[in-house]
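Remarks on the structure that follows.
The values are calculated or read from the model by the stated rules, or taken from the named source; none is laboratory data. Worth saying up front: this structure is predicted, and the values here are computed from it rather than measured. Every residue, glycine among them, receives a Cβ derived from its backbone with ideal geometry; neighbour counts consider all protein chains shown.
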Amino acid sequence: MMSQSSESDANSSRIWGPLCCNCGRSTTLAKSWTNENPGRRFFKCVVHGFVKWADEEKPYGWQKVSLLEARDEIKILRESLKAMNVTGSTALSHDLVNKHEEEKKKLESEVMAASEREKILRQFILLSWGGFIVVIAMILVMGKI
């Protein structure tokens, strides 16, 4: 019995329905993480910001301290995760650079080999044309004799 009455007392101090801002726009439910009101819910307008508290009671006592500690711990963890991502991406970028350099060297060697093949083929074509011209000249000379 006691828990039902205290539960209804706690619920009676909360606004659960939709709320509109003075400008007429609908609001969304947000959560405050300030030192004064950690974890406290409020209605927020996209244009004007804070409209009204959804939880009429301010956080106090050990709950407030716990919420502030949790907020600070989350902040530290986010910063360390961000630092790890930066470090990881730097290492990853070095790996990518090395991989691209190796690929560049491989492609450069393939280009050199292709250039050599092209040079040999040009010489072959030139010699073939020269031989063709000599053969045609001989046929023409033999035809005149």
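Structure data summary
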{"read-out": "Residue match in segment 55-76 (condition: modelled with pLDDT of 80 or more, in contact with a Phe, Trp or Tyr (Cβ under 6 Å, 6 or more places away or on another chain) and surrounded by 10 or more Cβ atoms within 10 Å (Cβ to Cβ))", "value": "yes"}
{"read-out": "Count of segment 18-41 residues which are part of a loop (DSSP other than H, G, I, E, B), closer than 22 Å to residue 74 by Cβ and not polar (S, T, N, Q)", "value": "5"}
{"read-out": "Selection status of residue 44, at pLDDT 85 or above, in a strand (DSSP E or B) and basic (Lys, Arg)", "value": "yes"}
{"read-out": "Test for residue 144: is it farther than 30 Å from residue 59 by Cβ and basic (Lys, Arg)", "value": "yes"}
{"read-out": "Enumeration of residues in segment 37-54 that are surrounded by 13 or more Cβ atoms within 10 Å (Cβ to Cβ) and among the β-branched types (Val, Ile, Thr)", "value": "51"}
{"read-out": "Subset of segment 47-63 that is in a loop (DSSP other than H, G, I, E, B) and without any contact (Cβ under 8 Å) to a residue 40 or more places away in the chain - its residue that is farthest from residue 33 (Cα to Cα)", "value": "47"}
